[in-house]
Structure formats: structure tokens, C-alpha cells
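Colleague: First the structure, which I've put down as C-alpha cells, then a few questions once you've had a look.
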Amino acid sequence: MKRFEFHLSISPERYMDYYRGVVKQVVAQCDDGANIQFPASLLTKFITAAGIHGRFVLTCDDDNKGADLRRWKS
């Protein structure tokens, strides 16, 4: 199982590009410096009036399948 930890800060206006499907993938830099890419649809449950802000953990299997995104509370 792979685990990626990162911070996101996406304004409501910027999220509209994801919502409308103009941008389909999110690219984020992990705490260890690696860049990851995942489907924007995983963010839907985290959207608020203020956008999407916080620390997150993305897990997937060793073949990068079955991605699960969760808010991480440190």
C-alpha cells in the first residue's frame, strides 16, 4: 500500500475548473518532495464555501489503483 501526505489550498474559484471538468487531474507536492497526480473527483467530498484547504493523505495499492483520499488531522 502506498501513502502520500500533502497540503492543499484551492480557492472556490479555482475549484470551479475541476468542477466543470476543465481540469480533470490534481497535481500536488507531497511532504517528501515527490509530485503526485490524482483524479479531481476525489476532492468533491471536501469542498466548502471557502474552497478546499488542509492536510490530506492519498492511499492506493502498489499498482496505483484504488485511490482513497482522506483529510489528515495532525
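Read-outs throughout are calculated quantities, based only on the coordinates presented, and are distinct from any laboratory measurement. No experiment lies behind these values; they were computed from the predicted model shown. Heads up, the Cβs are rebuilt from the backbone with ideal geometry, glycines too, and the neighbour counts pull from every protein chain shown.
Colleague: Using Cα pairs closer than 8 Å and at least 6 residues apart in sequence, work out the relative contact order for the chain, in percent.
Modeller: 39 percent
Colleague: Shifting gears a bit: Between Asp63 and Thr48, what is the label-to-label distance in nm when each label sits 7 Å out along the Cα-to-Cβ direction?
Modeller: 3.7 nm
Colleague: Summarise the long-distance tail of P(r) for the chain by giving the % of C-alpha pairs beyond 13 Å.
Modeller: Counting every Cα pair in the chain, those more than 13 Å apart make up 65 percent.
Colleague: List the chymotrypsin sites (Phe, Trp or Tyr not before Pro) within the chain that DSSP assigns to loop and that have no more than 15 neighbouring Cβ atoms inside 10 Å.
Modeller: Passing sites in the chain are Trp72.
Colleague: Please report, in debye to the nearest 20, how large the charge dipole of region 1-71 is about its Cα centre when each Lys and Arg carries +1 at its beta carbon and each Asp and Glu carries -1 there.
Modeller: Taking the Cα centre of region 1-71 as origin, the dipole is about 260 debye.
Colleague: Oh, and also: Please check which bits of region 39-59 a label hung off Arg71 would reach, taking the label as a point 7 Å along Cα-to-C-beta and the cut-off as backbone N under 14 Å.
Modeller: It comes to 43-57, nothing else.
Colleague: Can you find, among Ala49, Thr59, Met1, the residue sitting farthest towards the positive end of the charge dipole of the chain, where Lys and Arg contribute +1 and Asp and Glu -1 at Cβ?
Modeller: Checked the options; the winner is Ala49.
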